[in-house]
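*Asks:* Pasting in a structure now, in structure tokens, and then I'll have a few things to ask.
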Amino acid sequence: MFKIKDLSMIVAVYNSELYIEKCVDSMLELKDINLEIVLVNDGSKDNVLEILKKYRDNPKVLIYTQENKGVGSTRNKGVELSSGKYIYFADGDDYINPENFSKVFKIMKEFDLDFIMADALEVDELGKVIKKRKKHSDILNLGITSGKNMFRKLIEKKSIAVEVWSNIYKREFLEKNNLVFKKYFYDDHFFTQQIYYYAKKVMYSNESFYNYVRRDNSITTSLNLDMNRRRIDSVKNLIKDLIEFNKEYKLVSKEWNFLPISNYYNYIFFLKQNRDQSTEKNIDFKNLMFKDKLKYMRIIIWR
């Protein structure tokens with residue numbers, strides 16, 4: 001009889017030939033979890049598929065290849081292919097800390113949470129720690145709380161984490177609230193706003209269970225001017241979605257508008273990188289009053 005897995009680890013794979021083995025092998029070290037690893041290759045142009053062949057006979061690993069559609073679509077496909085009661089998203093050029101991950105997952109199951117947030121290390125390509133995420137003792141003291149309450153506390157401390165690999169999610173929670181990823185850059189920002197709004201039971205662990213590898217050619221660090229126009233369009237669409245979501249649920253406070261406003265700064269940054277002649281990059285947006293920021297932002301984004 002087919003047995004549903006406890007955990008589905010969904011890995012977005014794109015041109016990760018130098019790193020994918022370390023990623024997958026770190027997950028296979030989780031001996032105490034009934035898991036599946038779903039590797040979704042998003043039209044990679046390197047030799048990563050050849051490397052993945054070593055895992056094709058492993059019953060814990062599922063490999064799927066699609067034409068390039070972006071990381072949001074890749075994650076959605078991974079969820080569609082998976083069966084686990086709980087879901088975790090990772091990138092193919094990073095890797096987990098198995099011991100700490102097991103600790104966090106045990107807490108997730110014990111308290112039947114909608115999601116649990118944990119810490120990560122930023123490391124270089126040799127594994128040397130560059131930065132440890134600050135331990136949120138005040139957030140830790142919240143214990144089990146609502147997503148809305150945790151969101152407010154994180155915004156107060158200016159420490160909101162939008163990376164989806166910061167959390168382990170309950171599948172039922174995602175499906176009940178129709179939570180999927182958008183098809184643009186920085187899709188995790190909108191996803192983050194939604195999960196904190198809908199979640200009833202969340203918790204924070206200060207275990208560093210993920211290793212984010214800092215490299216110069218990643219989507220978050222590259223300043224390739226050829227991509228900036230796509231990024232500008234993506235950020236505009238993201239801000240529209242965030243504003244519409246807040247409008248629908250009457251979320252007018254500063255904390256719920258933190259992500260749209262912070263992404264407007266990204267928008268201005270990309271305009272400048274693209275040497276765009278738009279006048280909005282010259283506006284002193286930072287020193288506008290909160291309500292004026294919202295008003296101005298709506299005018300610019302929808303024009």
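The values are calculated or read from the model by the stated rules, or taken from the named source; none is laboratory data. Everything numeric in this text was worked out from a predicted model, so none of it was measured. Heads up, the Cβs are rebuilt from the backbone with ideal geometry, glycines too, and the neighbour counts pull from every protein chain shown. We work out accessible area using only protein heavy atoms, side chains counted, and drop any ligands, DNA or RNA first. Shrake-Rupley method; radii C 1.70, N 1.55, O 1.52, S 1.80 Å.
*Asks:* Can you tell me which condition Val71 does not meet? The list is (1) open to solvent by 70 Å² or more (accessible area, probe 1.4 Å); (2) in contact (Cβ under 8 Å) with a residue 24 or more places away in the chain; (3) of a type in the set (A, V, I, L, M, F, W, C), and all the others hold.
*Replies:* (1)
*Asks:* Here is a further query. For the stretch 136-155, indicate whether the set of residues that are without any contact (Cβ under 8 Å) to a residue 60 or more places away in the chain, within 26 Å of Ile239 (Cβ to Cβ) and among the aromatic types (Phe, Trp, Tyr) is non-empty.
*Replies:* For the stretch 136-155, residues without any contact (Cβ under 8 Å) to a residue 60 or more places away in the chain, within 26 Å of Ile239 (Cβ to Cβ) and among the aromatic types (Phe, Trp, Tyr): absent.
*Asks:* For the stretch 1-52, how many residues are open to solvent by less than 10 Å² (accessible area, probe 1.4 Å), more than 21 Å from the chain's Cα centre (by Cα) and more than 26 Å from Asn100 (Cα to Cα)?
*Replies:* Summing the residues that are open to solvent by less than 10 Å² (accessible area, probe 1.4 Å), more than 21 Å from the chain's Cα centre (by Cα) and more than 26 Å from Asn100 (Cα to Cα) in the stretch 1-52 gives 1.
*Asks:* Follow-up question, since we're still on this one. Can you pull out the residues in the stretch 77-104 that are open to solvent by 10 Å² or more (accessible area, probe 1.4 Å), part of a helix (DSSP H, G or I) and within 19 Å of Asp25 (Cβ to Cβ)?
*Replies:* Pro98, Glu99, Asn100, Ser102, listed by residue number.
*Asks:* Given the conditions (1) at pLDDT 75 or above; (2) more than 17 Å from Asp187 (Cβ to Cβ); (3) of a type in the set (Ser, Thr, Tyr), which single one is not true for Ser278?
*Replies:* Here Ser278 clears every test but (1).
*Asks:* Applying the selection to the stretch 139-166, what residues are open to solvent by 60 Å² or more (accessible area, probe 1.4 Å), farther than 21 Å from Ile261 by Cβ and either of a type in the set (S, T, N, Q) or assigned to a helix (DSSP H, G or I) (or both)?
*Replies:* Leu140, Asn141, listed by residue number.
*Asks:* Being under 17 Å from the mean Cα position of the chain (by Cα) and closer than 27 Å to Glu110 by Cβ is true for just one of Ile144, Ile168. Which residue is that?
*Replies:* Of the residues listed, the single one that is under 17 Å from the mean Cα position of the chain (by Cα) and closer than 27 Å to Glu110 by Cβ is Ile168.
*Asks:* Tell me whether the stretch 181-191 contains one or more residues that are in contact with a Phe, Trp or Tyr (Cβ under 7 Å, 6 or more places away or on another chain), at pLDDT 95 or above and among the acidic types (Asp, Glu).
*Replies:* Scanning the stretch 181-191 turns up no residue that is in contact with a Phe, Trp or Tyr (Cβ under 7 Å, 6 or more places away or on another chain), at pLDDT 95 or above and among the acidic types (Asp, Glu).
*Asks:* Taking Ser102 as meeting all but one of (1) more than 20 Å from Ser16 (Cα to Cα); (2) free of Cβ contacts under 8 Å to residues at least 12 places away in the same chain, write down the number of the exception.
*Replies:* Ser102 satisfies all of (1) more than 20 Å from Ser16 (Cα to Cα); (2) free of Cβ contacts under 8 Å to residues at least 12 places away in the same chain except (2).
*Asks:* In this structure, does Asn58 turn out to be buried (at least 17 other Cβ atoms within 10 Å of the Cβ) and polar (S, T, N, Q)?
*Replies:* No; evaluated as a whole, the condition is false for this residue.
*Asks:* Now for a separate question. Quick one: in the stretch 167-220, which of the residues that are assigned to a loop (DSSP other than H, G, I, E, B) and among the hydroxyl-bearing types (Ser, Thr, Tyr) is most open to solvent (accessible area, probe 1.4 Å)?
*Replies:* Thr220
*Asks:* Might you check whether a residue that is hydrophobic (A, V, I, L, M, F, W, C), exposed (fewer than 15 other Cβ atoms within 10 Å of the Cβ) and at pLDDT 70 or above occurs anywhere in the stretch 240-252?
*Replies:* yes
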